[in-house]
1. How about the stretch 224-254: which of its residues are of a type in the set (Val, Ile, Thr) and within 12 Å of ligand 1 (Cβ to nearest atom)?
2. Please indicate, with yes or no, whether at least one residue in the stretch 168-176 is under 20 Å from residue 68 (Cα atoms) and of a type in the set (Gly, Ala, Ser).
3. Go through the stretch 245-260 residue by residue and tally those that are surrounded by fewer than 18 Cβ atoms within 10 Å (Cβ to Cβ) and of a type in the set (Lys, Arg).
4. Which of the residues that make up the stretch 139-153 are part of a helix (DSSP H, G or I) and within 9 Å of ligand 1 (Cβ to nearest atom)?
5. Kindly provide the set of residues from the stretch 1-37 that are surrounded by fewer than 17 Cβ atoms within 10 Å (Cβ to Cβ) and among the small types (Gly, Ala, Ser), ordered by number.
6. Are there any pairs, at least 6 apart or on different chains, whose C-beta atoms fall under 7 Å, with the first in the stretch 65-76 and in contact (Cβ under 8 Å) with a residue 60 or more places away in the chain and the second crowded, with 24+ Cβ neighbours inside 10 Å, and if so, which?
7. Name the pairs: first residue in the stretch 171-192 and closer than 24 Å to residue 244 by Cα, second residue modelled with pLDDT under 95 and away from ligand 1 (no atom under 13 Å from the Cβ), Cβ to Cβ under 7 Å, at least 6 apart or on different chains?
8. Regarding the stretch 141-156, can at least one residue be identified that is within 29 Å of residue 292 (Cβ to Cβ), aromatic (Phe, Trp, Tyr) and surrounded by 19 or more Cβ atoms within 10 Å (Cβ to Cβ)?
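The values are calculated or read from the model by the stated rules, or taken from the named source; none is laboratory data. All values reported here derive from a predicted model rather than from experimental measurement. Please note: Cβ atoms are built from the backbone with ideal geometry, for glycine as well, and neighbour counts cover all protein chains shown.
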Amino acid sequence: MDVKLLLELYGKMLELREFELKVQDLYRRGMLPGFVHLYVGEEAVGTGVCANLRPDDLIYSTHRGHGHALAKGVPGRDVFAELWGKTTGSSAGRGGSMHLYAPEYGFMGTNGIVGAGIPLATGSALSAQLRKSGQVAVAFFGDGAVNSGSFHEGLNFGAVWNLPVVYVCENNLYATEMAFRRATKNTSVASRAAAYKMPGVEIDGNDVMAVYGAAKEAIARARSDGGPTLIEAKTYRFVGHHEGDPGTDYRTREEVEEWKSRCPIRRLGQKLVGEAGVAQADLDKIHRDVQAWLDDAVQFARQSPEPKPSEVLDHAF
Ligand SMILES: Cc1ncc(C[n+]2csc(CCOP(=O)(O)OP(=O)(O)O)c2C)c(N)n1
Ligand SMILES: [Mg+2]
């Protein structure tokens, strides 16, 4: 066990979790504008994948993308200010939750169109291959994307051109209120990789080490001309589809509770203390540091200026 790495992953997952809980709190109090889909419960996926990426590697996110942005290294201040519609946000407050871009960190955007990141990442990978830049592109997408044409076209293209791309399906078993088992007869996303002749791996998406290991292998393969991989990370959102959906009309309370008991952060914390001999005080310190980081981001966003009405056409094409 690489304890230093595990502690880093623990801290990053905690950042993602606390960030989203703060967004939830402010949103429910009517302080944040727009519309948000929270990543609570799925932190291990974005964290484990992005920990293997270079700063210049490119990731394409989804409507549930705050965690991907933070995991890729976009500062908490920039993301929080963007959600708040402030000029200091990563897209100058014009993008909000679902059009949040920070290409300088290799974060190629959240995206409100289900499945749309798949061909975009594939195109980025083609560009990287042509430029011989050594970059890898990653597409994150949900189970809701895998029955769309963009999934088939993207994966087929990525495979036939042997592109440096990794396809990461965050299978949280539901697309809005539609259970995945009702949307398809083949509920194994990883098995679909065979149709494109690429490796497909199914992993426990609530085990950050499993995610880290699978992503490490796939990214190394992509970077050394070995072509794409499809990773299916089995996970679950502890919250509703979006803020406003209680998430319990189409999922039983027992199912939600069962998945909550597999919380990726708590699991890693128990492993660190129980097996790796890390002192609880060290974990407590990480919690305090994350809280300070979050307080700073929220304070920064709160105090940042709103765009002026006279600037409404800036950044519009
Ligand atoms: C092309 C398209 N169809 C439908 C929608 C409406 N929509 C928004 S999110 C969503 C469900 C997405 O589910 P999934 O891909 O599993 O991601 P999750 O929300 O579970 O993270 C749908 C159907 C959309 N945004 N884009
Ligand atoms: Mg889903």
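1. Looking only at the stretch 224-254, we keep the residues that are of a type in the set (Val, Ile, Thr), and these are 229, 231, 235, 239, 248, 252.
Residues satisfying the conditions are 235, 239.
2. Initial filter on the stretch 168-176 (under 20 Å from residue 68 (Cα atoms)): 168-176.
Of the ones still in play, those that are also of a type in the set (Gly, Ala, Ser) are 175.
There is at least one residue in the stretch 168-176 that is under 20 Å from residue 68 (Cα atoms) and of a type in the set (Gly, Ala, Ser).
3. The qualifying residues number 2.
4. Going through the stretch 139-153, the residues part of a helix (DSSP H, G or I) turn out to be 143-145, 149-153.
If the condition is that a residue be part of a helix (DSSP H, G or I) and within 9 Å of ligand 1 (Cβ to nearest atom), then 143, 144, 145, 150 are the ones that fit.
5. The answer is 30, 34.
6. 65/100; 65/110; 68/46; 68/59; 68/61; 68/140; 76/19; 76/70
7. 177/249
8. Initially, the stretch 141-156 is screened for residues within 29 Å of residue 292 (Cβ to Cβ), giving none.
Looking for residues that are within 29 Å of residue 292 (Cβ to Cβ), aromatic (Phe, Trp, Tyr) and surrounded by 19 or more Cβ atoms within 10 Å (Cβ to Cβ), one finds none in the stretch 141-156, hence no.
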